[in-house]
Amino acid sequence: MLHRWLALCVAVLLPAAQGVPLVKPITVSAAVSLTDALTAVAEAYAKTGGTVRFNFAASNVLARQIVSGAPADVFISADEAQMDVVAAAGLVQDGSRVALLRNQLAVAVPNDRPRTFHSIREIAEPAFKRIAIGDPAAVPAGVYAKQYLEKEGLWTAVEPRIVPTGSVRAALAAVESGAADAAIVYRTDVRVALKATVAWIVPADRGPRIVYPAAIVKTTASASEANRFVNFLRSGEAARIFQRFGFATAF
Amino acid sequence: MIEPVWRITWFTIACAAGATLLILPPGVVLAWLLARRKFPGRGLVETFVSLPLVMPPVATGLILLMLLSRRGRVGALLERLGIEVVFTWKAVVLAMAIMGLPLLVRTARAGFEQVNVRYERVAATLGAPPARIFLTISLPLAWPSVLAGAVLAFARALGEFGATIIVAGNIPGATRTLAVAIYGYAETGQDSQAFALLLVSVSIAFVALWTANRLVERSTA
């Protein structure tokens, strides 16, 4: 009886296990917002003879996985704070941490009510009844948005109208659906939005420093291959791909 | 490079089916024990099996990750045997199995409780051992509920997200299920792909749940 069950389990599961390459690729845990850009970079990297497989999720999830001992070789985080979590656990390989990409904040509005701000002060107008941002208690984009509004002296004025969301994409979705009148999100997010448009791009010298750091995980069994990939991420070829997806490079 | 929908769908169905098959034998025996036997710690076992129903799936995923990763107790043992679980399809199946188990056990248990206990007693007085009573009387009579429980567990497994993304990750081509792919597409603003996968997901779940409801109806009629 038991044998038959096991045989059945194997028969059902085997096809799912097929297609696994013989040479083990390195595992790169990367912020989900980088999915498209990194997939394109990996295609270029494959031409140099290297293979990577990605694990895309929110940076705080990835950091927890690595700290808990999940087998990642490279970590690319959407903010310094989550890289710090991994570093604090002693899991960042010495000297491997680099600033990879930069992003900027932008104010998004529904595209049926387009606006162009001349100053961020306009967000305090009564017309903006609901302003969506990532939850400043947990979501990096929300932390940045709050920092920026505080720096501009606008936080107390708009705080009662802030709608905190579970992710930066949820903030953008609130604007696209018309449920919120504005959202503060990453510039790269509004770029691909169909029903939202940019009202204001936060100037690099006024906004918070938004850096995507990359590092090699100390427990990697393929340090040289991981190193080769991180070097490729900082090559001119990769930079062109990142720029195509709206990211500025930080190297 | 967009992973084809059929591939993600097939992978998800295969993993959900594998998870259901995996929990079916222990789940059914457990359901029967809970329905028919008084044993020390019965209440504890019952509560423990139901925990995944009420715990945040992310927490379940974290517990699994801590157990199974290289530094965990089980993980260290598996590593010595050369078995990798975290970030592989095995982790997907395991997460689905644990989330589906309470649904199977609870539904099957209700089925076993409806079986007239006299049949089992008569068989026992005639000298049939418990295993034989279970296989020739209880299980055949409770079969529709067992099947309904299995289908419910399968449907739950199809939509599993929270535990899966923690312990198996979102690795395109390796651990990406429908639910995880929908999250990935939604987070990168590819709403049309997300909706296409949602439609597939809802269709399969609809058929599964409809089947489960018909089976329960038949068993209670």
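The values are calculated or read from the model by the stated rules, or taken from the named source; none is laboratory data. Only a predicted model underlies this, so the values are computations on that prediction, with no experimental measurement involved. Here Cβ is always computed from backbone atoms with ideal geometry, including for glycine, and neighbour counts include all displayed protein chains.
Key figures for this structure:
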{"read-out": "Residues (within 30 Å of B:Ala108 (Cβ to Cβ) and hydroxyl-bearing (Ser, Thr, Tyr)) located in the stretch B:143-201", "value": "B:Ser145, B:Thr164, B:Thr175, B:Thr177, B:Ser201"}
{"read-out": "Selection within the stretch A:43-59 - more than 7 Å from chain B (Cβ to nearest Cβ) and either of a type outside the set (D, E, K, R) or closer than 15 Å to B:Pro172 by Cβ (or both)", "value": "A:Ala44, A:Tyr45, A:Ala46, A:Thr48, A:Gly49, A:Gly50, A:Thr51, A:Val52, A:Ala58, A:Ser59"}
{"read-out": "Subset of the stretch B:186-199 (residues that are surrounded by fewer than 20 Cβ atoms within 10 Å (Cβ to Cβ) and part of a helix (DSSP H, G or I))", "value": "B:Asp191, B:Ser192, B:Gln193, B:Ala194, B:Phe195, B:Ala196, B:Leu198, B:Leu199"}
{"read-out": "Number of the condition not met by B:Asn170 [criteria: (1) polar (S, T, N, Q); (2) in a helix (DSSP H, G or I); (3) crowded, with 18+ Cβ neighbours inside 10 Å]", "value": "(2)"}
{"read-out": "Selected residue [crowded, with 24+ Cβ neighbours inside 10 Å and either in contact (Cβ under 8 Å) with a residue 12 or more places away in the chain or in contact with an Asp or Glu (Cβ under 9 Å, 6 or more places away or on another chain) (or both)] from B:Ala31, B:Ala35", "value": "B:Ala31"}
{"read-out": "Scan of the stretch A:135-188 for residues that are assigned to a strand (DSSP E or B), within 23 Å of A:Ala31 (Cα to Cα) and free of Cβ contacts under 8 Å to residues at least 40 places away in the same chain, ordered by number", "value": "A:Pro164, A:Thr165"}
{"read-out": "Selected residue [closer than 30 Å to B:Ala76 by Cβ, within 14 Å of chain B (Cβ to nearest Cβ), within 16 Å of the chain's Cα centre (by Cα) and surrounded by 17 or more Cβ atoms within 10 Å (Cβ to Cβ)] from A:Leu91, A:Leu172, A:Leu62", "value": "A:Leu62"}
{"read-out": "Qualifying residues in the stretch B:20-52 (those that are out of contact with any Phe, Trp or Tyr (no Cβ under 8 Å at 6 or more places or on another chain) and among the small types (Gly, Ala, Ser)) - the one nearest to the other protein chains (Cβ to nearest Cβ)", "value": "B:Gly27"}
{"read-out": "Residue match in the stretch B:106-116 (condition: surrounded by 24 or more Cβ atoms within 10 Å (Cβ to Cβ), of a type in the set (Lys, Arg) and either within 14 Å of chain A (Cβ to nearest Cβ) or part of a helix (DSSP H, G or I) (or both))", "value": "yes"}
{"read-out": "Meets criteria (farther than 22 Å from B:Ala205 by Cα, free of Cβ contacts under 8 Å to residues at least 12 places away in the same chain, within 14 Å of chain A (Cβ to nearest Cβ) and in a helix (DSSP H, G or I)) for B:Ala124", "value": "no"}
{"read-out": "Residue check, A:Gly153 surrounded by fewer than 19 Cβ atoms within 10 Å (Cβ to Cβ) and at positive phi", "value": "yes"}
{"read-out": "Check on B:Leu77, facing another protein chain (nearest Cβ under 9 Å) and modelled with pLDDT of 90 or more", "value": "no"}
